[in-house]
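Okay, so here's the structure we're looking at.
Throughout, read-outs are computed from the coordinates displayed, never taken from laboratory work. Note that the coordinates shown come from a computational prediction; the quantities given were computed from them, not determined experimentally. Cβ coordinates were reconstructed from backbone atoms using ideal geometry, including for glycine residues, and neighbour counts include every protein chain displayed.
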Amino acid sequence: MSGGRTLIGRRRFPTTWSGILMIVVIICALLQLAFLSLGDSSDSGGDFNDSSAAILSMVPSGLHKFLTPRPRNLSHVHQNGTTANLIYRQALNISEMKRNIALYNLQQTVYNEDLFGSLQNDSVVIVVQIHDRITYLRHLIVSLAQARDISQALIVFSHDIYDEEINTLVQSIDFCKVMQIFYPYSIQVHPSQFPGEDPNDCPRDIKREQALIRNCNNALFPDLYGHYREAKFTQTKHHWWWKANRVFNQLDVTRNHTGLVVFLEEDHFVAEDFIHVLKLMDRTCKASCRYCNILSLGTYLKTYNYYGKVEITPWISSKHNMGMAFNRTTWMKIVGCADYFCKYDDYNWDWSLQQVSQNCLKQKLHAMVVRGPRVFHIGECGVHHKKKNCESTAVISKVQKVLKSAKRHLYPDYMTLTYVTPLKKQKIRKGNGGWGDRRDHMLCMGMTLR
């Protein structure tokens, strides 16, 4: 190598101070580019394998279609991928979106039912709550596509945003039965009236005395902390309650279903054996833990155990809310406590469910929780978390590595139970607020079907 450097120095650059200086500048520039590249990769996990290309390489080629975005707002794209002579779609107005939402909810179309048959009572129903994070949703769909026995399941996608690109993605699923339902009281279609932001709503931080003088909406009822309603924070709880009521009590395809219903979100990712493990947990629960009424496929533990171990523990909202499943029997007990859910001053659905468990149910919620998770959280950004880099590739890469290392321990034949007794008695918790507005209470109760 030293001979090569000498040759370059003699033939291409004059032996002058200016030539030497130029070489130094070029070398410094190259080094700077290299360090910037390393810095970028470290921000997303410190490994080149965290790139989108590497993630794509981990996915079977037949599933790449779910990860490849189509051109937005285009009505025609040539088969070769070119975009000549394009006609752009005009965005739907609110009235058109409301009509489409009403039509979807009325028709209750089950896509692919002709291919996979009608829903059986022992089939798993998977309900996915969707907002607008399509990148995460793409990865969830890919993970679901690789799950064993997914062809026997029904996936119900519950939307609070009407988006044609998301609709196209969901309707392109060809590996199981699929249905779409649309939360009809979304902020998107009520932008300037309740449940959205009404111009006469009380500002969040106004004092109650000032609110009464101004006579703004709900002036009499700020939340526990003296704050008034923020629409964007109330929607998730409303949506969760609406979709659960609709799946268990309204949809023709599920209203008599007595099997398990799994609740996922758009930024979740499932292991290939999650249905196998779920059914094994259900059998174990019926045989060894009659009071267990929630199965939890996710965990927030920092260390995992994939040796078929599960814990029996009182259900705690902050620990056992990911990838949870229950049946109609449990739901009927929960919905019977609608007042405790709908009127509890907390904008989180899981904390409200904790309120139901602690203060209404005769038999509190108990969870069977896997120590080796089958549902993972890949979302880096959302309602509560905003980051500069919202790419999911780094987290997905880590999840893939965890599942690869656990490969030989997937599909267990049996479960080993551990009973966990809380070190101290659970206190009745004060809510997080954000749910003092009587209009939210009325809307929530109005969506309740018993």
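Structure notes:
- For LYS302, a cut-off of 20 angstrom between C-alpha atoms picks up these aspartates and glutamates, skipping any fewer than 8 places away in its own chain: ASP267, GLU311, GLU380.
- Note on LYS343: aspartates and glutamates with a C-alpha under 17 Å away, same-chain residues under 8 apart excluded, are ASP223, GLU230, ASP437, ASP440.
- Rounded, prolate or oblate (a/c below 1.5 giving rounded, otherwise prolate when a/b exceeds b/c) for region 90-134 by Cα gyration tensor: prolate
- Estimated FRET transfer efficiency when R0 is 45 angstrom, pair ARG408-ASP252 (beta carbons, to 0.05): 0.60
- Three-way shape label, region 100-173, alpha-carbon gyration tensor, a/c 1.5: oblate
- Entries of LYS319/LYS430; LYS207/LYS237; LYS279/LYS401; LYS279/LYS309 with Cα pairs more than 19 Å apart: LYS207/LYS237; LYS279/LYS401
- Highest to lowest packing among 415-421, 174-180, 327-333, scored as the average C-beta count within 10 Å: 174-180, 327-333, 415-421
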